[in-house]
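Structure record follows, encoded as structure tokens.
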Amino acid sequence: MRKTTELAVLAVLTFLLCPGRILGQEDASDHGSVEFGVRLDSGDVYGRPDLPNQPALSTSQFNEYQDVRDGFYVRRFNVKFDNILGTKDYISLKSGNTLYRDQSYLATFGNYGKFKLQFRYDEIPHIYSNTTSTLFAQTSPGVYSYPALIRQQLQAAVPVGTSLPAIIETQVVPQSGGITPQIIRKAGTISFGYNLTPHWNVNAMYFRESQKGSRPIGLIMNSSPSATTSSGYGVELPEPINYFNNLVHAGVEYGRQSFVVEGGYTGSFFQNNIHALTWDNPFRLTNETITTPLTGSMALYPDNHANYLNFAAGTDIGKYLHVTASINPGWLKQSEAFLPYTTNTAINTCGTGAQACNSVAVLPAANLGGDTQTLAMNYTISTSAWKNITLKANYRQYDYNDNTPVRTWTPVQGDAAAPAAGTTNTPYGFNRKDLEISAVWFFAKKSSVKAGYEGLWMDRTDRDVSHSLENSFFVSGDWTPIRSVLVRLSYRHSDRTPDSYQDDQASNPTTGADVTCTNTIDTSFTGDQRCHRRFDEAARLQNRGDALLQYTPFDKLTLSAFGGTLQNNYNIAGGVNSPTPLNFLTGAAVTTDLYYLYGLQKDISYNYGFDGDYALSPHVSLFAEYSREHYYTRMITRYRTPTSGVQTILTCNGCDTANNDWESTTHDPVDVYSVGVDLYLSKKAYLTAYYTLSAGKGNVDSRYLGDPTIAPVLPATTNPNTFLLIGTNAATPYPETVDRNHEVGVIFKYKLTDRLTPRIEYRYQQWDNKDYQTTVMTPYMGCVSPATPGAPVLGCTSPILNSATSPTPLPGAASPFYPGFVVGDPSSARYLFLGVDQPSYHVHIVTATLEYRF
Amino acid sequence: MRGTAPPRSVFIPLLGIVLFFFAAVYSFARQEAVQEPARPDQAKSLSYSTAAGPQAATAQEKSKGPAPKGPTGDYVGSDTCITCHSDQGHRFKNTVMGKVMLGNPHTPEEARGCEGCHGPGRLHVEAGGGKDTIPMRFGKDSPNSVAEQNAVCMDCHSRGTHMFWKGSPHESRGIACVDCHQVKQGLKVSLSSDARYNAPLSDNRGVKLTQPELCLQCHQMRRAQLQRSSHMPYREGKVTCTSCHNPHGTPNPKQLIQSSTNENCISCHTERRGPFLWEHPPVVENCANCHEPHGSNNPQLLKVRMPRVCDDCHDSSRHPTQAQPLSSIKNFNRGCTNCHSYIHGSNHPSGSAFLR
């Protein structure tokens, strides 16, 4: 079939290559080109010697978004004919990666300046992992079944843990079949634009996309996040993806010399052909109870649609004034039928408190009736009434109003709990207003200074901050002191101030009264820490600076250097935060910078680099690039455990004390290096060679901030400042993640004739990946050791931590495959994973093609 | 206390609409009053100086009177230009603009050909050539200001995706159209650029470099970000800068094509549009609260990997407040979303904690 398709493509290409004169072209200049040939790749995936099967290169990270494989391929095709049959019409066709899963096509028929009809087709694969396996089988769309015999065995396993891991390791894992979670998007677009007159234009577009495949999703069957040998279950499944996405647009535009107005409609329709995901509990076959469900059910993304109108216009007013405006209202709807609260037949206390939870009749509504309205408006006025000075004022507003009805629900968490008390859904809304005033002074050719102010008013419903104002001042300069030098600088300072900050959950559980950050009288245990701030609403100081220097001493040499930083500081004393430091330790004993809130303290990035291009001669040019980017965040939070009975935070042991604060910082740097050379020899031969290295790594470091000597051994006498960050609660650093991509490329082209150019390309790619979250993944991460000494469970060792009392516990014996990594958690003793990972790879790719121009 | 937003004022938007309406009517009426009946040979040409040497003519100084018919007066016709500039003429003829202006003009401006952009050529011809006699030149050595050069382009390209150029960030930083675009010849890509950069198929050949290399010349910070392991398919040529941004200016933040960051992301990820029964507020407001669209070292394009990205906001009690050891189910694999899988919003009646 594939060979027939290839031959058919060749035949079509042959036909299209011929008819330059047949279609009545005026001259025989180039109409296009086709580049085709063969490609070979050889390499392997490494870094996971523990896996039972060697992952394939074709489904590795190498082919995450592409489809590179051995065989014939048409790298590029491009044909264009003007003046078809003596008319002024033209037609063109382009393709890339023809016949492969990442193929693209673009066909255009038009008349320059009059109309254009265009067809586009694109395929985008996306591979998530090639190390996954499962015993689940999809018996019908969205329904995953598990072999009954194994369910029976797992249910019968003695829960203390002597036989459960053994059954999994001997029955489940070896019998699991390999799968490759991946999706493919196929999108087609047809667009048309027509100039009715030089002033009138009408345009329309239709886009349709399908997404099919699967994607890993984690599912817990418990009301709390654990799946131990005695409580809860969990599975990771390939979520079935079967989407259609349709978009239609129609518009009209009228424009004259200094006036243009346009209007249009855009409709977007999302359709999910699989509405629910239902699966068997692999650890239970019989005897369903409230906490032991036999099945689970999840609502997949519902169908939705959105309709937008857009109106926009621009006009000159007099000689020096220009005004633009745009108004875009939108209507978003969603009314997919609800699933029942649960599939667990043993839970019968929903609705009024005595109704079966697995029936849709008990729901307060059959569907959401989701109704959101948006409104985006923008008005800009600019004037150049003064020589070399431009003033601009811009007002922008965005409204998001969720008018979805509010109802009371009795959700069943994880299909395994009696429903909680009535819970109401909350439709969130916000309104953003932005006013910018700026002035630009063009003081010399290619040189200007710009300064301005921007105010951003944000109003929210049902969040911690109902109103905030952010004032920003910015200045930028572009300077060309001499023709060969360009300097660009910019700086922006922003100050965001919420009117007030009050988390609904930071309230007295008995009276319901708000407990503010500065309240030292109320000693109740609030649902959220009273000084906690969510960074997207919190007070913030932001500074941003960028600089660029370009130097072109002569046409053959260009050098540039750049640098920049974006610094967000949330750690502001007073205002909506605490006016006094929250540190437990003070004075000389303090272990970290003073902090005035919990949550994100700092979010900083900086970048710098340079690049150079040098044409040594008309035949040789060199380039070199380097850039570095570094992200850093700092967060402080507090370990809190609810009080029991009538205790307060002063009469419990460390349930809410600053002595249990901990800090975590993240560092994510990446360095990118590129060097290369382009050679043009005797106008026939072209050679390029380059090397690129992208070296990234990540660190997450955590540590306690308090005094570990305060009642370190549990149970302690009542001490509200008892230190609890020990054992599995300890704050410890994680191993460094490594992410390094090398690429070497050598490409040679030789112009045999005016029409024939063979090309040979060699590339070597190597991607090294080590990630403490995924490199350790196997289908079973339970790490439940036999009660009596025995062989450790494959892939993990025990004990996890060698001291239950230490604030800095050393990891247990490392996995034999990942020194320094400790895998496994008894809280996942009854959780079956897919084993998602993307291991390292290296690959050699040789491509030989022939380009034929016609 | 969770606030209710104050009633939104409709005054400002209504005022804006009313003012704009009057401005538009005034402008339209004024244009109709001064415009003489159009003739096919009439051009709304710029007022180029006819004195020796080009003056800093401003774009607002439009010609008030009718232009001469045919190659008379200050205009000499493209054929005259090509007599000396045959190489450039041949290359220009094969570009889209050349095919329109030299082969298939629809307006008097287009019919001017070379002089539609460079201005009347009579002085240049009488002087026997010379750069100084060309009224409008483009590029680094041009004596014309960036605003003047851009105004020439805007004479024809002021509609559609260019409607919001005036007042746009690039315009206010003195970016000239010719800094990114080229007119006189088709796109030529070096072998190394062709090997290293990919972009979706396009029929736009009027740029100096393909994306993203064109944009990376100034936005060099993005060069490192595009190389990060967790990325949208930029390197594979399926997504590019103009998939989300319009460099000619838009009324939206960051020159996004859509009205907000979320509408932009949801244009491809439409399954996350909602509305949902159970919403996650930072998701509703801004996808960029958690994700970095240009690339990240962390899975799923997260700015900070789980569980820390969740810890930044969640400080209630028990497991959201624990640091989580390396070996914890709340840390390895998908972190918090091992359980809270539908974190962008859930439409399940039991999805209040996004477990369903």
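Quick check on my filter: what residues within the stretch A:96-120 are of a type in the set (S, T, Y), assigned to a strand (DSSP E or B) and more than 9 Å from chain B (Cβ to nearest Cβ)?
Listed by number, the list holds a single entry, A:T98.
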Of the numbered conditions (1) at the interface with chain B (Cβ under 9 Å from one of its Cβ atoms); (2) buried (at least 19 other Cβ atoms within 10 Å of the Cβ); (3) part of a strand (DSSP E or B), A:S223 fails exactly one; give the number of that condition. (3)
Against the condition away from chain B (no Cβ under 12 Å) and either surrounded by 17 or more Cβ atoms within 10 Å (Cβ to Cβ) or outside any loop (DSSP other than H, G, I, E, B) (or both), how does A:E123 come out, does it pass? no
Among (1) touching an Asp or Glu at 6+ places or on another chain (Cβ under 6 Å); (2) more than 7 Å from chain B (Cβ to nearest Cβ) - the single one A:Y428 does not satisfy: (2)
Which listed residue, of A:L566, A:L548, A:L541, A:L559, is at the interface with chain B (Cβ under 9 Å from one of its Cβ atoms), of a type in the set (A, V, I, L, M, F, W, C) and under 30 Å from A:S627 (Cα atoms): A:L548
For the stretch A:382-418, the count of residues that are crowded, with 17+ Cβ neighbours inside 10 Å and either of a type in the set (S, T, N, Q) or at the interface with another protein chain (Cβ under 8 Å from one of its Cβ atoms) (or both) equals 22
If I filter the stretch A:713-723 for residues that are crowded, with 21+ Cβ neighbours inside 10 Å, more than 32 Å from the chain's Cα centre (by Cα) and part of a loop (DSSP other than H, G, I, E, B), do I get at least one hit? yes
A:K683: away from every other protein chain (no Cβ under 11 Å) and of a type in the set (D, E, K, R), yes or no? yes
Being in contact with a Phe, Trp or Tyr (Cβ under 7 Å, 6 or more places away or on another chain), more than 10 Å from every other protein chain (Cβ to nearest Cβ) and modelled with pLDDT of 95 or more is the requirement here; does A:R533 meet it? no
So A:S448 clears everything in (1) closer than 30 Å to A:D555 by Cβ; (2) more than 10 Å from chain B (Cβ to nearest Cβ); (3) in a strand (DSSP E or B) except one condition, right? Which one? (2)
Residue satisfying condition, being within 12 Å of chain B (Cβ to nearest Cβ), surrounded by fewer than 22 Cβ atoms within 10 Å (Cβ to Cβ), within 30 Å of A:T692 (Cβ to Cβ) and of a type in the set (G, A, S), within set A:S605, A:S627, A:S617: A:S605
From (1) surrounded by fewer than 20 Cβ atoms within 10 Å (Cβ to Cβ); (2) under 28 Å from A:V38 (Cα atoms), pick out the condition that doesn't hold for A:V143. (2)
Please work out if A:S524 is more than 10 Å from chain B (Cβ to nearest Cβ) and touching a Leu at 6+ places or on another chain (Cβ under 9 Å). no
Can you name every residue in the stretch A:293-310 that is of a type outside the set (A, V, I, L, M, F, W, C), buried (at least 23 other Cβ atoms within 10 Å of the Cβ) and within 22 Å of the chain's Cα centre (by Cα)? A:Y301, A:P302, A:N304
Strands (runs of 3 or more DSSP E) contained entirely in the stretch A:268-354, each with at least 2 residues that are at the interface with chain B (Cβ under 8 Å from one of its Cβ atoms): A:295-299, A:304-317, A:321-334
Quick check on this structure: which one of A:G47, A:G86, A:G43, A:G71 is more than 8 Å from every other protein chain (Cβ to nearest Cβ), out of contact with any strand residue (DSSP E or B) (no Cβ under 6 Å at 6 or more places or on another chain) and farther than 28 Å from B:N94 by Cβ? A:G71
Unique match (being open to solvent by less than 30 Å² (accessible area, probe 1.4 Å), in a helix (DSSP H, G or I), hydrophobic (A, V, I, L, M, F, W, C) and at the interface with another protein chain (Cβ under 7 Å from one of its Cβ atoms)) among B:V284, B:V309: B:V284
Looking at the stretch A:226-252 only, could you name the residues that are open to solvent by less than 10 Å² (accessible area, probe 1.4 Å) and over 27 Å from the mean Cα position of the chain (by Cα)? A:A227, A:G232, A:Y233
B:A224 fails exactly one of the following numbered conditions: (1) in contact with a Gly (Cβ under 9 Å, 6 or more places away or on another chain); (2) more than 7 Å from chain A (Cβ to nearest Cβ); (3) among the small types (G, A, S). What is the number of that condition? (2)
Pick from A:A731, A:A695: which is surrounded by fewer than 19 Cβ atoms within 10 Å (Cβ to Cβ) and either within 30 Å of A:P839 (Cα to Cα) or modelled with pLDDT under 90 (or both)? A:A695
Determine whether the stretch B:336-345 contains at least one residue that is open to solvent by less than 20 Å² (accessible area, probe 1.4 Å), closer than 19 Å to A:P238 by Cβ, more than 7 Å from chain A (Cβ to nearest Cβ) and within 38 Å of the chain's Cα centre (by Cα). yes
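One line per residue, one yes/no per condition, for (1) touching a residue at least 12 places away in the same chain (Cβ under 8 Å); (2) more than 11 Å from chain B (Cβ to nearest Cβ); (3) out of contact with any Leu (no Cβ under 6 Å at 6 or more places or on another chain):
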position: A:L693; (1), (2), (3): yes, no, yes
position: A:D701; (1), (2), (3): yes, no, yes
position: A:T709; (1), (2), (3): yes, yes, yes
position: A:N729; (1), (2), (3): yes, no, yes
position: A:D739; (1), (2), (3): yes, no, yes
position: A:I747; (1), (2), (3): yes, no, no
Of the criteria (1) open to solvent by less than 30 Å² (accessible area, probe 1.4 Å); (2) over 30 Å from the mean Cα position of the chain (by Cα); (3) more than 10 Å from chain B (Cβ to nearest Cβ); (4) of a type outside the set (S, T, N, Q), which one A:I183 fails: (2)
Given (1) closer than 30 Å to B:N338 by Cα; (2) modelled with pLDDT of 95 or more; (3) of a type in the set (G, A, S), identify the lone condition not met by A:G422. (2)
Which members of the stretch B:287-297 meet the condition of being part of a loop (DSSP other than H, G, I, E, B) and either facing another protein chain (nearest Cβ under 9 Å) or within 29 Å of A:V406 (Cα to Cα) (or both)? B:C290, B:E292, B:G295, B:N297
If we keep just the residues of the stretch A:63-92 that are open to solvent by less than 50 Å² (accessible area, probe 1.4 Å) and among the aliphatic types (A, V, I, L, M), which is farthest from A:F119 (Cα to Cα)? A:V68
Scanning the stretch A:515-547 residue by residue, those without any contact (Cβ under 8 Å) to a residue 12 or more places away in the chain and of a type in the set (S, T, N, Q) turn out to be A:N519, A:T520
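The values are calculated or read from the model by the stated rules, or taken from the named source; none is laboratory data. The model shown is predicted, which means the values in this text are computed figures rather than measured ones. Cβ sites come from the backbone with ideal geometry, for glycine too, and all protein chains shown count toward neighbours. SASA here: full protein model, heavy atoms, side chains in, ligands and nucleic acids out. Shrake-Rupley method; radii C 1.70, N 1.55, O 1.52, S 1.80 Å.
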